[in-house]
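Report on the following structure.
The values are calculated or read from the model by the stated rules, or taken from the named source; none is laboratory data. Just so it is clear, the model here is predicted, and its values are computed rather than measured. Counting neighbours? That spans all protein chains shown, and the Cβs are built from the backbone with ideal geometry, glycine included. These accessible areas exclude ligands, DNA and RNA; they are computed on the full protein's heavy atoms, side chains included. Shrake-Rupley method; radii C 1.70, N 1.55, O 1.52, S 1.80 Å.
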Amino acid sequence: MKIDLRSFRWTREPAAYFVDENKIEITTKPYTDLWQRTYYHFRNDNAPLFHMTTDRRFFSFVVKTDFTRSNHRFDQCGVVVYLDSENWIKGSVEYENEYYSHLGSVVTNHGYSDWSTTQISADIKSMWYRLSRRDDDFCIESSTDGVVYQQMRICHLHEAKDEIQIGIYACSPENSSFQAIFTHMEILECQWLPHDGQKPDND
């Protein structure tokens with residue numbers, strides 16, 4: 001189902017943006033990021049987020065990102081699940097240098113972030129994401145063609161009990177700015193199927 005962007009709202013507007021029914025463009029501000037505490041011991045919660053609110057317990061959110069214009073270390077754009085400053089998930093490609101970028105995800109629970117990444121070629125300038133919810137568990141997948149998806153991460157948000165905010169983000173943690181482009185946004189029936197294997201433990 002194609003998303004009606006009239007239901008989307010900003011949590012912090014970017015330096016500039018353009019929105020129509022088929023495309024969102026975000027121009028980032030310098031020194032914007034999402035991160036909480038772990039390892040770096042700083043707290044950043046100033047990246048622009050464009051999101052919808054949903055109480056659906058089972059769904060998949062799909063979007064294509066284009067970051068051709070990212071050219072500075074840590075420039076990034078991707079998908080986000082946001083509850084508040086201390087509880088959220090993001091998945092993105094983060095520019096590193098002219099040779100490689102990082103495809104990765106961050107999960108933040110109760111004010112502490114982690115970061116899981118893999119290196120990809122800097123020649124890759126667009127990425128599809130499929131972010132799925134099953135109750136308070138989530139799966140992030142990525143694809144270079146929008147057809148074949150590969151799992152990036154399965155994770156849990158402790159506070160994702162009812163409504164959540166899901167959408168897109170872009171930021172530039174250092175002194176830079178770039179334009180990120182988002183297209184092909186859809187909400188689908190949950191594409192992350194129930195586990196077929198060991199039965200759940202009884203609580």
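If R0 is 25 Å, the Cβ-Cβ spacing of Arg57 and Arg9 corresponds to a FRET efficiency of close to 0.75.
When exposed loop sites are taken as GluC sites (Glu not before Pro) in a DSSP loop with at most 15 other Cβ atoms within 10 Å, the longest stretch of the chain clear of them is 22-97. Going by the alpha-carbon gyration tensor, a ≥ b ≥ c the square roots of its eigenvalues, is region 38-125 rounded (a/c under 1.5) or, if a/c is not under 1.5, prolate (a/b greater than b/c) versus oblate? Verdict is oblate for region 38-125. Quick one: among Ser92, Ser60, Ser142, which has the greatest mean-square fluctuation in a GNM of the chain with alpha-carbon springs under 10 angstrom? Greatest mean-square fluctuation among the candidates belongs to Ser60.
Label-to-label distance, Met1 versus Ser143, with points set 7 angstrom from Cα along the beta-carbon direction: 2.0 nm. Our analysis of region 121-183 gives Rg over Rh at 1.02, with the two radii drawn from alpha carbon positions and Rh computed by the Kirkwood formula. Taking each of Lys2/Lys90; Lys64/Lys125; Lys23/Lys64; Lys2/Lys29; Lys2/Lys125; Lys2/Lys23 in turn, the alpha-carbon distance tops 19 angstrom for Lys2/Lys90; Lys2/Lys29; Lys2/Lys125.
Within the accessible area of the chain, what % is carbon and sulfur when the probe is 1.4 Å and the other protein chains stay in place? Whole-percent figure for carbon plus sulfur exposure: 46. Solvent-accessible surface of region 72-113, averaged per residue with a 1.4 angstrom probe and all protein chains in place: 31 square angstrom. The largest accessible area among Asp145, Asp201 belongs to the first residue in Asp201, Asp145, and the rest follow in falling order (1.4 Å probe, all chains).
Need one word for the chain: rounded, prolate or oblate. Basis is the Cα gyration tensor (sqrt eigenvalues a ≥ b ≥ c); a/c below 1.5 gives rounded, then a/b vs b/c decides. Rounded, because the longest to shortest axis ratio a/c is under 1.5.
Restricting the chymotrypsin sites (Phe, Trp or Tyr not before Pro) of region 59-150 to loop positions (DSSP other than H, G, I, E, B) with no more than 12 neighbouring Cβ atoms within 10 Å leaves Tyr99.
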